[in-house]
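To start, the structure itself, in structure tokens.
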Amino acid sequence: MNNSSLEQFSYDNTIVRNFIVATVIFGIIGMLVGLTIALQLVFPILNFADFASFGRLRPLHTNAIIFAFVGNGMFAGIYYSLQRLCKSRMYSDALSKINFWGWQLIILSAVATLPLGITSSKEYAELEWPIDIAITLIWVVFGWNMFGTIIKRREKHLYVAIWFFIATFVTVAVLHIVNSFSMPVSLFKSYSWYAGVQDALVQWWYGHNAVAFFLTTPFLGLMYYFVPKAANRPVYSYRLSIIHFWALIFIYIWAGPHHLLYTSLPDWAQSLGVVFSIMLIAPSWGGMLNGLLTLRGAWDKVREDPVLKFMVVAITCYGMATFEGPMLSLKNVNAIAHFTDWVVAHVHVGGLGWNGFLLFGMLYYLIPKMYDTKLFSIKLANFHFWIGSMGIVFYALPMYWAGFVQSAMWKEFTVDGVLAYPNFLETVTQLKYMYFLRSVGGLMFIIGAVVMAYNLTKTAFSGKFIANETAEAAPLSKEEHVHAGEHWHRWIERRPIQMLVFSLLIILIGGLVEMIPTFLVKSNIPTIASVKPYTPLELEGRDLYIREGCSNCHSQMVRPFRSEKVRYGEYSKAGEFVYDHPFLWGSKRTGPDLHRVGGKYPDSWHYNHMMDPELTSANSIMPTYTFMLERKLDLSQTENKISAMRKIGVPYPEGYELKVLEDVKKQADGIAASLAKDNIRTASDKEIIAMIAYLQRLGTDIKAKPDTLTQK
């Protein structure tokens with residue numbers, strides 16, 4: 001080719017560096033928050049303030065890791081690889097900057113709101129509605145910049161990594177928008193548009209596919225770029241990458257219901273989720289094998305190069321997690337694992353191993369290249385690799401063991417047919433040592449990350465940053481040349497808009513098939529006449545329950561197992577949740593299920609339990625909530641809350657807002673009088689009164705048939 005036909009341009013490394021710095025800083029902060037909440041389960045005294053309690057910090061940890069650590073790392077990798085795959089600078093430097101600073105402001109808004117209890121409670125989507133809108137806008141900016149770059153590219157074919165980036169953009173947009181529909185009450189409060197079973201389906205359609213399309217597909221794209229680059233070898237199989245991509249994005253979107261097995265979700269939806277979850281093994285392992293076999297003939301280099309070491313372990317963890325996930329979706333396995341620490345172990349094998357290690361390998365690859373120097377210390381990188389690997393082992397194995405212990409103790413009966421461990425706390429006390437070992441593993445992982453930060457900083461100081469990396473390439477030819485024997489898939493690889501549209505259509509099929517019948521066919525959620533909306537005081541108590549993150553430790557879903565019916569009472573029915581905006585079924589039982597707790601204990605028990613859990617439950621690891629005993633209940637938004645609930649279908653009478661305060665006072669005075677009978681003197685306008693009202697309401701809308709197995 002004549003050199004005079006080549007165009008001169010430069011790659012923008014500044015935006016990549018900015019996202020890398022944010023990745024490292026927020027990653028270490030998010031890990032430290034995770035270590036804190038892990039230690040809180042061992043040493044409850046670490047719940048030293050309301051804003052620093054486990055219930056409020058746990059969503060801060062998950063958001064920091066998913067969106068701040070993994071999210072920033074994802075953007076860094078995409079901005080670096082996309083420019084080189086397209087042989088073009090990013091479409092707009094201004095859009096790149098807006099993407100970066102907007103994303104950091106979203107992260108800081110999470111830091112500012114979640115510890116204050118400003119949350120929607122929907123897992124991995126806890127941020128309130130104004131922040132959801134900001135996320136949508138910044139995501140559009142990212143997509144605009146990405147597609148602008150693809151359209152002005154100088155390389156005709158779209159490499160496989162770009163396919164995954166396109167699917168990530170379109171699917172995350174759909175997931176976020178659909179799951180975020182809500183009815184605002186105020187700037188910092190809203191209610192999910194969906195209720196009960198429908199809300200649960202939408203949430204776990206989002207939650208499962210947030211893992212799929214935010215934590216998996218973009219990282220598969222990064223794997224397809226950085227592994228061949230670091231190994232200096234081509235991808236093992238082009239055809240396998242095609243099958244991997246299209247099969248993965250089609251099948252993944254159906255699998256969300258496997259998070260809701262044995263719940264009140266219709267059986268057909270549960271079964272659909274199981275079938276597609278098992279099918280997921282094929283494309284997932286196809287991708288894993290494509291990544292590992294790319295390194296064929298390069299294993300000597302793997303032994304010496306820390307970049308490849310991290311990437312090999314990352315891909316291996318991806319394979320482990322994507323085998324275990326489908327296994328956990330089998331009903332007989334799910335009956336053992338769900339609500340236990342087994343799921344925590346599973347999630348962290350993916351988070352620490354797949355996302356964390358792939359990012360670490362990517363950072364060790366990028367910094368020396370962008371600073372035109374060598375890595376400061378191979379020895380420190382190898383130390384990071386080994387202490388990080390041991391950290392994963394020390395984290396995961398105790399959690400697996402804890403999960404098996406939990407399930408076994410919850411389900412065991414004596415020869416007389418009664419629960420062997422009727423006191424839930426008997427299980428909790430058995431797990432403290434496992435939780436401590438988990439903390440040790442987390443600390444080891446953090447030490448590795450800090451060592452990496454030091455190593456990368458020293459590397460940067462030893463070189464000179466290349467802000468605008470010069471490059472040259474021929475302009476994109478507008479002529480279509482179809483060569484004999486060319487693979488049919490080349491057609492779509494030249495057309496990014498068609499790739500976007502086909503990806504959108506494929507991911508919409510599964511969601512629509514699952515949601516339309518659940519929303520439109522009334523028999524899926526049978527009506528129960530005795531189920532009534534929450535009273536205004538109970539609604540306020542429910543909002544306090546949400547504010548304190550109680551659903552992070554307590555489920556509200558009694559499954560149709562003998563052990564659960566004996567321990568908790570009648571199993572949960574779909575029609576009981578029709579006024580629950582949002583649903584609060586939970587995903588982990590650190591404490592017992594609460595769906596049938598209403599009327600089980602006197603008001604005074606709940607008062608003492610919130611004041612000091614060990615007064616009622618010796619050796620409890622639950623935080624104290626003494627501030628609720630003193631803090632006055634804020635009723636300034638109660639009328640607006642009732643009005644908002646009516647707008648989304650809760651049948652409060654027209655004009656009821658005018659008498660809600662009267663009803664609140666009447667019910668609150670009754671609870672205060674009940675407490676006084678047990679020598680507890682408290683004003684009726686305290687937060688604890690509303691919390692008691694809500695807890696005493698739970699599970700009382702239906703009268704269960706007597707159960708001969710009920711524990712006495």
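The values are calculated or read from the model by the stated rules, or taken from the named source; none is laboratory data. Here the structure is a predicted model, which means the values were calculated and not measured. Counting neighbours? That spans all protein chains shown, and the Cβs are built from the backbone with ideal geometry, glycine included. Heavy atoms of the whole protein, side chains included, go into the accessibility calculation; ligands, DNA and RNA do not. Shrake-Rupley method; radii C 1.70, N 1.55, O 1.52, S 1.80 Å.
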- Would you mind working out the accessible area per residue for region 514-628, using a 1.4 Å probe, and quoting it in Å²? 35 Å²
- What accessible surface, in Å², does a 1.4 Å probe find on H348, ignoring ligands, DNA and RNA and rounding to the nearest 10? 40 Å²
- Calculated FRET efficiency for the pair Y238/D93, C-beta based, R₀ 30 Å, to 0.05: 0.35
- Message: Ranking request for peptides 674-683, 661-670, 98-107, 68-77: highest mean number of other beta-carbon atoms within 10 Å first, then the rest in descending order.
- Response: 68-77, 98-107, 661-670, 674-683
- Query: What dipole magnitude, in Debye to the nearest 20, does the chain give about its Cα centre under +1 on Lys/Arg Cβ and -1 on Asp/Glu Cβ?
  - Reply: 1320 debye
- Relative to the longest principal axis of the chain, what angle (0 to 90°, nearest 10) does the C-alpha long axis of helix 129-151 take? 20 degrees
- On average, how much accessible surface per residue is there in region 210-359, in Å², for a 1.4 Å probe, leaving out ligands, DNA and RNA? 31 Å²
- Item | Formal net charge of residues neighbouring P257 (Cβ-Cβ distance under 12 Å; K, R +1; D, E -1) | -1
- Message: Can you tell me the orientation of helix 54-63 relative to the chain, as the angle in degrees between its alpha-carbon axis and the longest Cα principal axis, to the nearest 10?
- Response: 20 degrees
- Take the alpha-carbon centre of region 412-479, take the same for region 616-647, and report the distance between them in whole Å. 33 Å
- Summarise the accessible area of the chain (1.4 Å probe, protein heavy atoms) by the percent that is carbon and sulfur. 65 percent
- With Cα atoms, 0 to 90° folded angle of helix 71-86 axis to the chain main axis: 30 degrees
- Item | Net charge of Cβ neighbours under 14 Å - reference L39; Lys, Arg +1; Asp, Glu -1 | +3
- Heavy-atom accessible area of V312, protein chains in place, probe 1.4 angstrom, given in Å² to nearest 10, is 30 Å²
- Query: Kirkwood Rh over Cα pairs of region 247-328 into Stokes-Einstein at 37 °C, 0.692 mPa s: D in µm²/s?
  - Reply: 231 µm²/s
- Put +1 on the Cβ of every Lys and Arg and -1 on every Asp and Glu Cβ in region 1-150; which of L6, M74, P130 then has its Cα farthest towards the positive end of the dipole? L6
- Among K532/K659; K189/K331; K229/K458, the pairs whose Cα-Cα distance exceeds 28 Å are K189/K331
- Query: Rg to Rh ratio, the chain, alpha-carbon atoms and Kirkwood radius?
  - Reply: 0.99
- Query: What order, most packed first, do the peptides 618-629, 21-32 have when packing is the mean number of other Cβ atoms within 10 Å of each residue?
  - Reply: 21-32, 618-629
- What length, rounded to one decimal in nm, is gained on full extension from Q8 through to V501, with 0.36 nm per residue of separation minus their alpha-carbon distance? 174.3 nm
- Task: Between beta-carbons, use under 15 Å as the cut-off and find the net charge around Y206, counting Lys and Arg +1, Asp and Glu -1.
- Result: -4
- Counting only residues 5 or more apart in sequence or on a different chain, those whose built amide H sits under 5 Å from that of L698 are G598
